[in-house]
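Each remark here refers to the structure printed beneath this line.
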Number of protein chains: 2
Amino acid sequence: MTETDRRGVCSNAAMKPTIYDIARESGVSIATVSNVLNNTGRMGPETRRKVLRAVNALGYQRSSIATALAGKKSWSIGALLPDVNNPYFSEIVRGAEDEAFSRGYSVLVCNTDHDVERERAYLRTLRHKQMDGIVIATGTTPADQIAELLTAGIHVILLAREIEGAQVPIVMVDNYQGGYLAARFLLELGHRNLGFIGEPLTLRSARDRLGGFAAAIEEAGAALQVVGEGGFGIEAGARLAAGLLAHHRVTAIFTGNDQLAVGALQWCLEAGFQVPHDISLMSFDDTVFSRIVRPSLTCVAQPIYDLGRQTLGMLIGAIEAGEQPARRVVLAPELMIRDSTGPPPDGTASNDLKSGGDSNE
Amino acid sequence: MTETDRRGVCSNAAMKPTIYDIARESGVSIATVSNVLNNTGRMGPETRRKVLRAVNALGYQRSSIATALAGKKSWSIGALLPDVNNPYFSEIVRGAEDEAFSRGYSVLVCNTDHDVERERAYLRTLRHKQMDGIVIATGTTPADQIAELLTAGIHVILLAREIEGAQVPIVMVDNYQGGYLAARFLLELGHRNLGFIGEPLTLRSARDRLGGFAAAIEEAGAALQVVGEGGFGIEAGARLAAGLLAHHRVTAIFTGNDQLAVGALQWCLEAGFQVPHDISLMSFDDTVFSRIVRPSLTCVAQPIYDLGRQTLGMLIGAIEAGEQPARRVVLAPELMIRDSTGPPPDGTASNDLKSGGDSNE
DNA sequence: TTGAAAGCGTTACCAT
DNA sequence: ATGGTAACGCTTTCAA
């Protein structure tokens, strides 16, 4: 019994042709078929033609599943995100997806909804599905879970959010510097009493943004009056702004992301504050949100699409080179000045950057 | 040589344990291990315990790849979308993903960027990867490509956008009705000269929205003065609005989606039109965009998240029932009245819906 | 209740 | 240059 007999003829319409079928059809062995299909080894041009003809004739479609089993590569990459509906992440997905597509990979999008349990479940699935690599943009994965991934031979890369203790490359923006830039800009406009609204400070990125912001303020001798934190979305932004303005007199607020800024902006407007006349609002991200609200948001801009694109580029590079490049790419944030910021209301800008002692209102 | 010998002991740290390892460890056969793992067949509670213990001891992780090869199921679903960065689709992805996750499936997000070539490439990949099902939300896939998918035994379902000639279920909103509602609303406000800006009319959904809109206008004896079409994004919205208002006196514009509406709104505001005082703007979708711009957008609302969720529910149902339910779910759109619409400016609303002569406001 | 063995569709190594 | 065949890790009869 020759190897070719191990399976019946592919006559059944529902049964997709395999390399056995095209081997039989073209009168060569499956090994040769495989070689032709993958351009591996050497083969006569005539053989090659025969095989290709059979492939077309039978409408052969390779099974990536079988390839992955035998060849150890799934050509798939998993992406762990907190929320695809957040324009920041949906833009990241676009960048990631474009790069992956152009290099032959597909991406499995995993929305964790900020839920670590769900994240853990996904990580397990991704391991089972033998992803060639995993992008983690949640910032909440326990380091030991990442280590397990590495042990399992899966390449991992972090995106935007650092994770302490994780020995993997990362592509991100300099959050501290971003916060610093924001504060400098507001201080130069004359603001002395500032507030901050941010994502949960359990996230390193949130802490860094606040850290840079606070540092610049302290340097200038101005006051970081109040810090609100703990949310991500528009609702949270409104809630935090309300809480912040209820007890504090600030002339400018820096928010940790665009969604929070939008919420804060809406609340301010509804509460009767003029932006930027009564209060300046400054955001972080530069998603489409910051461009479409009115007033448009001055913000610390990240190259979002590129972040996604570069991350995938590095990850795929690692996968194909077969090793983990312990690199760390930190992109510089940029100031994007729009309409939500301006000088503080009259009477509050009475101090210069140095002296610090103020007596506003 | 027994079957158990076919592979060496899993001593190598980098080598992940397989069912052979746990079979050896627990002193049973791989068949039994498989049964325990899948809860198939009957087994003694003691055997079961032994196996489970070994699973834990060795840190066994099933290979979905092998399962898919042998079991004919990949537990993966592909989703073809024109643009994940469009909030409409990113919300759909959330709904789809939530349902898929809760039922044990993962979703491969394929961004076609409105490019049919890219779409075709993705479809091929999805077939190779043996997706259990595919969701198509682009509305641009040639019907014969869909037929091929079906032939290959892959379940297909359309989402939001119909495709003529495709014999597959669909979950969508009644676009014609939506357009009709929009027109009725604007007409009742007193508008007699209306304009339309929409996605390319090659899309059935765009044609239907326009169709319903035009029909209601005609019924009322008012004028659909001008139709602009051909784009999807914010930029296109601005461009189309500019083109439309350059030569036509309309008091209200209906846009085919929220992105277009945002663009149109921006352009109007920048051109000095007051919205809704000088011109009313009405949109379609009810994405987050319509809630955050100012004025907020009155629109025909779709239950976006549910659209995604229900689609996946039906698809998975079909996959698990093993047959294609030729269903068609058409959800009703709803009017969501916000701030971008109002009565036409004085002097233009001089006709009532029926006779043509009234003096409202 | 449990086990042996035959696939599933590839790849890769080793002969020829 | 080509072909035979053993993996890859699992599911699934069919026997025992």
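Assorted remarks:
- Only one of the listed residues (A:ALA152, A:ALA121) is of a type in the set (A, V, I, L, M, F, W, C), over 16 Å from the mean Cα position of the chain (by Cα), surrounded by fewer than 21 Cβ atoms within 10 Å (Cβ to Cβ) and over 22 Å from B:GLY95 (Cβ atoms). That residue is A:ALA152.
- So B:ASN56, is it touching a Gly at 6+ places or on another chain (Cβ under 7 Å), within 16 Å of DNA strand D (Cβ to nearest atom) and either of a type in the set (D, E, K, R) or in a helix (DSSP H, G or I) (or both): no
- Some residue of region B:223-235 being within 20 Å of B:ARG338 (Cβ to Cβ) and more than 26 Å from the chain's Cα centre (by Cα): no
- Subset of region B:186-211 that is in a helix (DSSP H, G or I) and touching a residue at least 40 places away in the same chain (Cβ under 8 Å) - its residue that is nearest to B:SER340 (Cα to Cα): B:LEU186
- Scanning region A:262-297 for residues that are free of Cβ contacts under 8 Å to residues at least 40 places away in the same chain and in contact with a strand residue (DSSP E or B) (Cβ under 6 Å, 6 or more places away or on another chain) gives no hits.
- Count of region B:234-253 residues which are within 15 Å of A:ARG291 (Cβ to Cβ), surrounded by fewer than 23 Cβ atoms within 10 Å (Cβ to Cβ) and touching a residue at least 40 places away in the same chain (Cβ under 8 Å): 0
- The residue of region A:43-77 that is nearest to the other protein chains (Cβ to nearest Cβ), among those that are on the phi < 0 side of the Ramachandran plot and basic (Lys, Arg), is A:ARG62.
- Here the condition is being over 15 Å from A:ILE279 (Cα atoms), outside any strand (DSSP E or B) and not polar (S, T, N, Q); of A:ALA183, A:ALA214, A:ALA246, A:ALA238, it holds for A:ALA214 alone.
- When residues of region B:17-42 are limited to those that are within 14 Å of chain A (Cβ to nearest Cβ) and more than 38 Å from the chain's Cα centre (by Cα), the one farthest from DNA strand C (Cβ to nearest atom): B:PRO17
Each row is one residue, and each column tells you yes or no for (1) out of contact with any strand residue (DSSP E or B) (no Cβ under 9 Å at 6 or more places or on another chain); (2) more than 30 Å from B:LEU245 (Cα to Cα).
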| residue | (1), (2) |
| --- | --- |
| B:GLU148 | yes, yes |
| B:ARG161 | no, no |
| B:ALA166 | no, yes |
| B:VAL173 | no, no |
| B:LEU181 | no, no |
| B:PRO200 | no, no |
| B:ASP208 | yes, no |
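- Residue that is nearest to DNA strand D (Cβ to nearest atom), among those in region A:32-48 that are surrounded by 12 or more Cβ atoms within 10 Å (Cβ to Cβ) and under 27 Å from B:GLN130 (Cα atoms): A:THR32
- Flag if A:SER102 is over 25 Å from A:GLY153 (Cα atoms) and at pLDDT 95 or above: no
- Inspection of region B:139-147 finds no residue satisfying the criterion of being crowded, with 24+ Cβ neighbours inside 10 Å and farther than 18 Å from B:PHE232 by Cα.
- In region B:254-273, residue surrounded by the most Cβ atoms within 10 Å (Cβ to Cβ) [restricted to those that are at the interface with another protein chain (Cβ under 9 Å from one of its Cβ atoms) and more than 22 Å from the chain's Cα centre (by Cα)]: B:LEU265
For (1) at pLDDT 95 or above; (2) within 27 Å of B:SER63 (Cβ to Cβ), each residue gets a yes or a no:
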| residue | (1), (2) |
| --- | --- |
| A:LYS50 | no, no |
| A:ALA57 | no, no |
| A:ARG62 | no, yes |
| A:ILE77 | yes, yes |
| A:SER90 | yes, no |
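- Filter result (buried (at least 22 other Cβ atoms within 10 Å of the Cβ) and modelled with pLDDT under 95) within region B:212-233: none
- Strands (runs of 3 or more DSSP E) enclosed by region A:78-162 - at least 3 residues per element that are within 11 Å of chain B (Cβ to nearest Cβ): A:106-111
- Scanning region A:274-289 for residues that are crowded, with 24+ Cβ neighbours inside 10 Å and either more than 14 Å from every other protein chain (Cβ to nearest Cβ) or in a helix (DSSP H, G or I) (or both) gives A:ILE279, A:SER280, A:MET282, A:PHE284, A:PHE289.
- Any chance B:GLY272 is on the phi > 0 side of the Ramachandran plot and at pLDDT 95 or above: yes
- Out of B:GLY308, B:GLY263, sole residue that is within 18 Å of B:GLY95 (Cβ to Cβ) and in a helix (DSSP H, G or I): B:GLY308
The values are calculated or read from the model by the stated rules, or taken from the named source; none is laboratory data. Model, not experiment: these values are computed from the prediction. Ideal geometry is used to build each Cβ from the backbone, glycine not excepted, and the neighbour counts take in all protein chains shown.
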